[in-house]
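The block underneath contains the structure these notes are about, expressed in structure tokens.
The values are calculated or read from the model by the stated rules, or taken from the named source; none is laboratory data. This is a predicted model, so every value here is computed, not measured. Positions of Cβ are backbone-derived with ideal geometry, glycine not excepted, and every protein chain shown enters the neighbour counts.
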């Protein structure tokens, strides 16, 4: 296992700058997630580490050793792809043995058997070894593809959306299993995904990638609670965080936020918080984008003190809970509600924000400014990292 | 009034090529379903369960082996698809590429020989409803997936069908677009109030869209009910595990009696859960069955909790919520919590299960075992 470093890696495909100065430092035994939308450059980063793609600039180091000019076979990395890439004519056992039997490794058969048995046990697939890939379900195929990577002792596991092909249920159970396996393995792993739950659940640290650049690197908690900009905030969380523009006003002993809802101006007072208040004062903030997650938006179907009125746009179940979407004019607000309510579309809904859970962004640059209880979340992120 | 009635519907694909006749080879078996006028019904099941076959029989694209189909009060078994007065929106958009959106939407009416002004009036009426008014001049290749799907539905409903049939219309779209389109479809159907049958394999889609869900497995209807009914009161183990994400925890259990109290016990586990009183009439000491409980009905007890101490096997922080897995025998029992505490593997928590939320299933058949009603 090894520490993997990329230093200012750049790679272009024709006119498209796929990687625009990527620097990451993945610690030995770390599970590192590359997370971002399609086309962000995540897979290209993996390919550069594997040696399948050649960067035009920048260094790729394994344990401090520069690997740019080493060919893929001699980098000793194990890759797992979205589309399994199994040999269809070989049994599961032979698929797993194929790399070890190659000229490069020439492993004795006894040792191969021993390692396959161990990997099969780890992946809970001992009963599949004699089958052909065509006799496997998609979940089983992915297990075999991972098992095949496990039998080697590579410098790093590179996994490219290994669960993306599976249906939602299987994906969730495989994710849990992968998490359990990772704890037993103690190996460096770089994992590409566009699914935020996978990123949060699996990553010791996450790098948010967009348009060939790194947007933010941090633990899941750090990125979830202190996203560096609105883009990151919107990636983390389903349903998406609500973000709306508000005007800051000053009243005796405090501040207020004013925003339009269906043509009407709503003013709410901003709860007191040392850091939020001092930031407003120091920066002389007049406008902010307020970000508030759907679970921190409260609703009522009757008029209530401290609630403002909006219109129900939709109400739908997302499994264990439901989402009410409210129409507010230029924007919509999402909020979490239980399943099974009888909510009529276009009826009135009354809304209140738990502003003491909100995040402030710059309304022009969309960058993070401050959040409520900031110190608590800095401490939380720190304790995560120490683990 | 019923919008659609399926009466003892059967479908068997012709196996005459095979030497041996397979005994139980019905693609659809004794399906009975009544959709009320204006109701949105989802046919839900894993691939190959017969849901699309059912839809195709309703549309008239597939012969019926046995049974009756009524649209409104009309028996349509013998009618040609074009005479059934249905609108179809399928997974692949199948638009006419040389025609622009207007032409595609108007096509069916033109084919029927409807008056030109009349067609124009209808297209202009439906376009804002489907939010395609600014797309009318565009060619199909220029449209995004979501736009194509809206055009597709506009084309299906412009004929004012008695029944709208949709087969996985969202499966081509990616996550975010899919979610947005789901909301749009729901609002639309709500506006036009057309009886709709919607085929999907995605339980979330069915739960969020439908007034009622028909869950089908191996050609047999498992349960027909509102989303709340199938979620809270599943008819059998299949429905219980198919609806909901993460799925219901289902564990084999032996019920034991200690003094006057019954407990669920599990092989190779210390976990004991009190059996709710309402089941006392159906269980006895040593009774074997399966116990099902949803991950949100498994709780972490506080310091004074009487719950069984258990070791955490997996901990997943998903931002909005956290999921914890605990080994009960060789099953990983999942629980969901919004608790802010960060646990780690190996931590001990006290496990509490909301007994009143447990379901019992027959170990062989998977059928619900219900308490006896007085």
Inside segment A:211-231, can you point out the residues that are within 12 Å of chain B (Cβ to nearest Cβ) and either under 30 Å from residue A:12 (Cβ atoms) or surrounded by fewer than 18 Cβ atoms within 10 Å (Cβ to Cβ) (or both)? A:223, A:227
For residues that are touching a residue at least 24 places away in the same chain (Cβ under 8 Å) and part of a helix (DSSP H, G or I), tally how many sit in segment A:97-117. 7
Residue A:168: surrounded by fewer than 18 Cβ atoms within 10 Å (Cβ to Cβ), assigned by TED's automatic domain parsing to the domain that holds residue A:115, within 18 Å of the chain's Cα centre (by Cα) and without any contact (Cβ under 8 Å) to a residue 12 or more places away in the chain, yes or no? yes
Can you tell me which residue is farthest from residue B:188 (Cα to Cα) among those in segment A:335-356 that are away from chain B (no Cβ under 11 Å) and outside any strand (DSSP E or B)? A:356
Filter segment A:60-102 for residues that are on the phi > 0 side of the Ramachandran plot and modelled with pLDDT of 90 or more; which is surrounded by the most Cβ atoms within 10 Å (Cβ to Cβ)? A:76
Just need a number here: residues in segment A:9-19 that are more than 21 Å from the chain's Cα centre (by Cα) and either within 14 Å of residue A:209 (Cα to Cα) or crowded, with 22+ Cβ neighbours inside 10 Å (or both). 4
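Results for (1) without any contact (Cβ under 8 Å) to a residue 12 or more places away in the chain; (2) away from chain B (no Cβ under 13 Å); (3) more than 21 Å from residue A:233 (Cα to Cα), shown as yes or no for each residue.
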site	(1), (2), (3)
A:285	no, yes, no
A:288	no, yes, no
A:294	no, no, no
A:300	no, yes, yes
A:306	no, yes, yes
A:310	no, yes, yes
A:316	yes, no, yes
A:324	no, no, no
Got at least one residue in segment B:154-177 being facing chain A (nearest Cβ under 10 Å) and not in a loop (DSSP other than H, G, I, E, B)? yes
May I ask you to verify whether residue B:349 is part of a strand (DSSP E or B), touching a strand residue (DSSP E or B) at 6+ places or on another chain (Cβ under 9 Å), over 17 Å from residue A:204 (Cα atoms) and at the interface with chain A (Cβ under 10 Å from one of its Cβ atoms)? no
Of the numbered conditions (1) closer than 30 Å to residue A:236 by Cα; (2) touching a strand residue (DSSP E or B) at 6+ places or on another chain (Cβ under 7 Å); (3) not in a loop (DSSP other than H, G, I, E, B), residue B:150 satisfies every one except a single condition; which is it? (2)
Got a number for residues in segment B:221-240 being within 18 Å of residue A:168 (Cβ to Cβ) and either buried (at least 23 other Cβ atoms within 10 Å of the Cβ) or free of Cβ contacts under 8 Å to residues at least 40 places away in the same chain (or both)? 5
Wholly enclosed strands (runs of 3 or more DSSP E) of segment A:241-311 bearing at least 2 residues over 17 Å from residue A:358 (Cα atoms), in the same structural domain as residue A:359 (by TED's automatic domain parsing) and over 34 Å from the mean Cα position of the chain (by Cα): A:242-251, A:264-270
Could we say that residue B:324 is modelled with pLDDT of 90 or more and within 14 Å of chain A (Cβ to nearest Cβ) here? yes
Segment B:300-334, residues that are closer than 24 Å to residue A:384 by Cα and touching a residue at least 60 places away in the same chain (Cβ under 8 Å): B:323, B:334
Hey, can you tell me all the residues within segment A:164-198 that are part of a helix (DSSP H, G or I) and at the interface with chain B (Cβ under 9 Å from one of its Cβ atoms)? A:168, A:169, A:172, A:173, A:175, A:176, A:177, A:179, A:180, A:183, A:196, A:197
For segment B:94-135, which residues satisfy the criterion of being closer than 23 Å to residue B:181 by Cβ and either in a loop (DSSP other than H, G, I, E, B) or in contact with a strand residue (DSSP E or B) (Cβ under 8 Å, 6 or more places away or on another chain) (or both)? B:94, B:95, B:96, B:97, B:99, B:100, B:130, B:131, B:132
Which is over 30 Å from residue A:167 (Cα atoms) and within 14 Å of chain A (Cβ to nearest Cβ), of B:191, B:116? B:191
Of the residues in segment B:288-321, those that are farther than 22 Å from residue B:238 by Cα and either more than 11 Å from chain A (Cβ to nearest Cβ) or in a loop (DSSP other than H, G, I, E, B) (or both) number 17
